[in-house]
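Down below is the structure, laid out as structure tokens.
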Amino acid sequence: MGVFVRRTATVAFGLTLACFQPPLFAAKGDSEISKEAAKLNQRGIDLLHKKEYEQAIVSFREALRIQPEYWDALDNLGKALEAVGKDAEAIVELDKAIAIAPETAAAYADKGMALFQEGKYEEAAASYRQAIERHKDFAEAQNGLGASLLHLGKNDEAMAAFRSSIASNPRNADALGNLGAALLKDDRPAEALPFLRRAHSLRPERSDVLESYAAALERDGQAHEAIAAYHKLASKHPDQPAPWAQLGYLYYRSKRYEPAVSAFERSLALQQDPDVLFALAVAQAEQGKLGDAIRSYEKCIALKPDDANVRFNYGNALFNAGKYQDSATQYREAVRLNPSLAHAHYNLGITLLRLSDAKSAQSEFAEAHRLDPNLNPPTK
């Protein structure tokens, strides 16, 4: 699980663009701005609020045509360019802002965002550090530094940066979520949960936060709460297969096969995933609906013909349905694909006994025992 970056639905929690924040310190020359340039800059800010980014860019450029060293317009232009994915252009404008007011923290943070979006994590981290040097309690820059460090594999440093961001602003949902995601990635779901719960309470509309919160609940063994969270996620995004599939797995592990089957079917109606088809077939077999399970296994094998585990489980369903010849065929295919699958050898032996081929059955029992000494031939 990676770091969420808020510009689009990328992978994890967000580096805040903060497009509408005033500079943390007054920038040189901004007190001498012409009324016309200031009006155009404010119009650009209003357009940013409306997410009309291209028009905002035009307005900021007009302000800068009138007054080229207008720091606030340069910084806002950089943010607007970031918002439409023009990170290289944003960096050019932000460098101009930094040259005008090198002691102002905001432009360094905005440049860090643009560098992060370009995948230049070392440079992004350096820019965020410069922002923090100029304003030690700059929560957004601390969060951005943490995200950059996490991408560089420096997890402990990243978590320290997220904690600093939370200390600077305890309501920073991005940093709370990122710290939770980092702890979850480090296989520490119990520690992650308080941060993810807080992030979710602050930003309940954020699906990425909810998804990580649900995953942490699941990995912490809180199945009932995880099911509720995934239901909420599925209701927010009924057209996405993943939440339904995850619900199916949770219900299955709770031995609630009927809702598991229903959830898997909802997921498969949106996307034919062989792993979900396999899970559906297993759940149907657990229900005793062998006909349904066999049909699901057949669909799964069409998508994953070389999966020994699917073949083995398909063989089990056929055996339980009394289709011994077909069952033997699937077990043979399973051991061909994975000769070390001891239980497939053993079950093939049982099936061959049903087919009155005792000699071949004994051979399979011997191989099963060789692979797993706990598997002994049946006494009768």
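The values are calculated or read from the model by the stated rules, or taken from the named source; none is laboratory data. Since the structure is predicted, the reported quantities are computational estimates derived from the model, not experimental observations. For neighbour counting, all protein chains shown are included, and Cβ atoms are generated from backbone atoms with ideal geometry for every residue, glycine included.
Here are some conditions: (1) under 20 Å from Phe162 (Cβ atoms); (2) assigned to a helix (DSSP H, G or I); (3) at pLDDT below 95. Ala141 meets all but one. Which one does it not meet?
Here Ala141 clears every test but (3).
Go through region 160-189 and count every residue that is assigned to a helix (DSSP H, G or I) and under 18 Å from the mean Cα position of the chain (by Cα).
Selection size over region 160-189: 14.
Here is a list of conditions, (1) under 22 Å from Leu196 (Cβ atoms); (2) touching a residue at least 24 places away in the same chain (Cβ under 8 Å); (3) crowded, with 18+ Cβ neighbours inside 10 Å, and Tyr230 meets all of them except one; can you say which number that is?
With (1) under 22 Å from Leu196 (Cβ atoms); (2) touching a residue at least 24 places away in the same chain (Cβ under 8 Å); (3) crowded, with 18+ Cβ neighbours inside 10 Å applied to Tyr230, the lone miss is (2).
Does any residue in region 178-207 that is under 21 Å from Ser235 (Cα atoms) and touching a residue at least 24 places away in the same chain (Cβ under 8 Å) come within less than 6 Å, Cβ to Cβ, of a residue that is among the small types (Gly, Ala, Ser) and in a helix (DSSP H, G or I) six or more places away or on a different chain, and which pairs are these?
Note: pairs meeting the criteria are Ala199/Ala173; Ala199/Gly177; Leu202/Ala173; Arg203/Ala173.
Quick one: count up the residues across region 107-126 that are surrounded by 24 or more Cβ atoms within 10 Å (Cβ to Cβ), small (Gly, Ala, Ser) and within 18 Å of Asn178 (Cβ to Cβ).
4
May I ask you to verify whether Leu217 is of a type outside the set (Gly, Ala, Ser), part of a helix (DSSP H, G or I) and surrounded by fewer than 24 Cβ atoms within 10 Å (Cβ to Cβ)?
no
Hey, any hits in region 340-357 for a residue that's in a helix (DSSP H, G or I) and within 30 Å of Ser235 (Cα to Cα)?
No - not one qualifying residue is present in region 340-357.
Table: residues versus (1) under 36 Å from the mean Cα position of the chain (by Cα); (2) without any contact (Cβ under 8 Å) to a residue 24 or more places away in the chain.
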position: Leu280; (1), (2): yes, no
position: Ala293; (1), (2): yes, no
position: Ala317; (1), (2): yes, no
position: Gly322; (1), (2): no, yes
position: Tyr331; (1), (2): no, yes
position: Ile350; (1), (2): no, no
position: Leu353; (1), (2): no, no
position: Ala366; (1), (2): no, yes
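For region 63-73, which residues satisfy the criterion of being more than 13 Å from Leu40 (Cβ to Cβ) and crowded, with 24+ Cβ neighbours inside 10 Å?
Trp71
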